[in-house]
Amino acid sequence: MRRGFPQKAIDFATFPVRAVMPFRAGERERWGLTSRASERLEYAARETVGYTLDVGCGPKNRLVAEYLGGNGFGVDVFDYDGSLGEEQVFEDLTTFPFEDGSFDSATLVAVIHHIPRSQRDAEMAEVHRVLRPGGNIILTQALPLAEILIHKITRVHARFLGKHYDIDLLREMHEEEEDHVTDEEIVERMARAGFRDIKKKPFPTQWGVNRVFVGWKK
Ligand SMILES: C[S@@+](CC[C@H](N)C(=O)[O-])C[C@H]1O[C@@H](n2cnc3c(N)ncnc32)[C@H](O)[C@@H]1O
């Protein structure tokens with residue numbers, strides 16, 4: 001599922017088009033251009049260091065199934081299309097049904113702003129608990145302005161055209177979910193949960209508009 005250099009060059013050159021292009025959920029590419037959602041899975045996957053817990057995995061558990069060769073486990077609060085098993089869906093993710101140190105990596109790909117604000121620290125602390133020492137947490141989050149714009153665009157599509165490009169609009173959202181979270185909040189919450197050596201890495205093929213945050217459990 002990893003792109004070669006020619007595809008990356010095309011994706012880089014066409015980013016302004018891809019930035020506003022609505023891709024269907026799970027759509028990997030259209031007209032030879034990679035979807036932003038697939039790209040964020042690829043950037044997150046390459047930071048993993050072993051068996052991975054994907055928190056907020058979304059339909060079809062794509063990160064684990066398509067990018068990690070099955071080496072992980074995806075959980076979510078909602079099963080959008082019947083593709084997740086009942087052992088993967090939990091209404092409340094502030095406690096995970098996993099032993100301490102069960103995973104090498106944990107990913108939250110475009111997820112942190114969907115965790116209700118008052119539950120974010122508890123969920124991050126759970127991620128820290130289930131990682132082994134030396135394991136890492138990997139989060140992706142776009143620049144706040146980009147998150148706000150893309151959420152507005154997808155809401156217009158859903159309301160006036162009946163097209164749902166944003167899967168989260170298909171469930172009843174919690175009132176404390178948000179369209180974006182600032183970089184400062186992400187780094188502070190990661191540090192508060194116990195993660196160290198936190199680094200922010202921009203996605204080159206999205207001109208730095210989206211980024212991956214990586215922190216380590218000592
Ligand atoms: C924008 S989607 C991203 C899905 C997937 N990670 C991806 O990149 O394709 C946000 C996901 O977060 C999930 N979610 C909502 N509340 C959550 C929570 N409290 N903890 C974890 N995930 C949550 C949603 O159900 C949804 O699958």
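The values are calculated or read from the model by the stated rules, or taken from the named source; none is laboratory data. Since this is a predicted model, take the numbers as computed values, not measurements. Note: ideal-geometry Cβ built from the backbone for every residue, glycine included; neighbour counts use all protein chains shown. Accessible surface areas use protein heavy atoms only, side chains included; no ligands, DNA or RNA. Shrake-Rupley method; radii C 1.70, N 1.55, O 1.52, S 1.80 Å.
Kindly count the pairs of lysines across region 5-217 whose alpha carbons are less than 21 Å apart, treating pairs on different chains or eight or more residues apart as eligible.
7
If you roll a 1.4 angstrom probe over the protein chains with everything in place, what fraction of the accessible area of region 1-133 belongs to carbon and sulfur, to the nearest %?
C and S fraction of accessible area: 55 percent.
Spin-label point model (7 Å from Cα, Cβ direction): what's the Phe98 to Arg159 distance in nm?
Between Phe98 and Arg159, the simple spin-label model gives 3.8 nm.
How tilted is helix 144-161 with respect to the longest principal axis of the chain? Cα atoms for both, answer in degrees (0 to 90, nearest 10).
So the inclination is approximately 60 degrees.
For region 189-202, just list the computed ³J(HN,Hα) in residue order, Karplus coefficients 6.51, -1.76 and 1.60, θ = phi - 60°, integers in Hz, with x standing in for Gly and Pro.
Here the 3J(HN,Hα) series is 5, 4, 5, 4, 6, x, 7, 10, 6, 6, 10, 10, 10, x Hz.
Which residue, Val55, Val20, Val130, has the most motion in a Gaussian network model of the chain that connects Cα atoms within less than 10 Å?
Val20
What per residue convex hull volume, in Å³, do the alpha-carbon atoms of region 1-138 yield?
Spelled out: Cα convex hull of region 1-138, divided by residues, is 116 Å³.
Can you work out the PRE-style zone for Glu185? Point 7 Å along Cα to Cβ, and I want the residues of region 83-127 with backbone N under 13 Å.
Counting backbone N atoms under 13 Å from the label point, the list is 111-121.
Along the positive direction of the dipole of the chain (beta-carbon charges: Lys, Arg +1; Asp, Glu -1; about the Cα centre), which of Leu139, Met21, Phe98 reaches farthest?
Looking along the dipole axis, the top candidate is Met21.
In whole angstrom, how far apart do the alpha carbon centroids of region 150-216 and region 66-114 sit?
Between the Cα centres of region 150-216 and region 66-114 lies a distance of 16 Å.
If I fit a long axis through the Cα atoms of helix 36-45 and take the longest principal axis of the Cα atoms of the chain, what angle between them do I get, 0 to 90°, rounded to 10?
It works out to around 30 degrees.
Return the percentage of antiparallel bridges among DSSP beta bridges fully within the chain, rounded to the nearest 5 %.
Taking every DSSP beta bridge with both residues in the chain, the antiparallel ones total about 50 percent.
List the residues, sorted by chain then number, that are 5 or more residues from Leu84 or on another chain and whose placed amide H is less than 5 Å from its amide H.
Lys60
Per residue, how much accessible surface does region 1-79 expose to a 1.4 Å probe? Answer in Å², no decimals.
Solvent-accessible surface per residue comes out at 45 Å².
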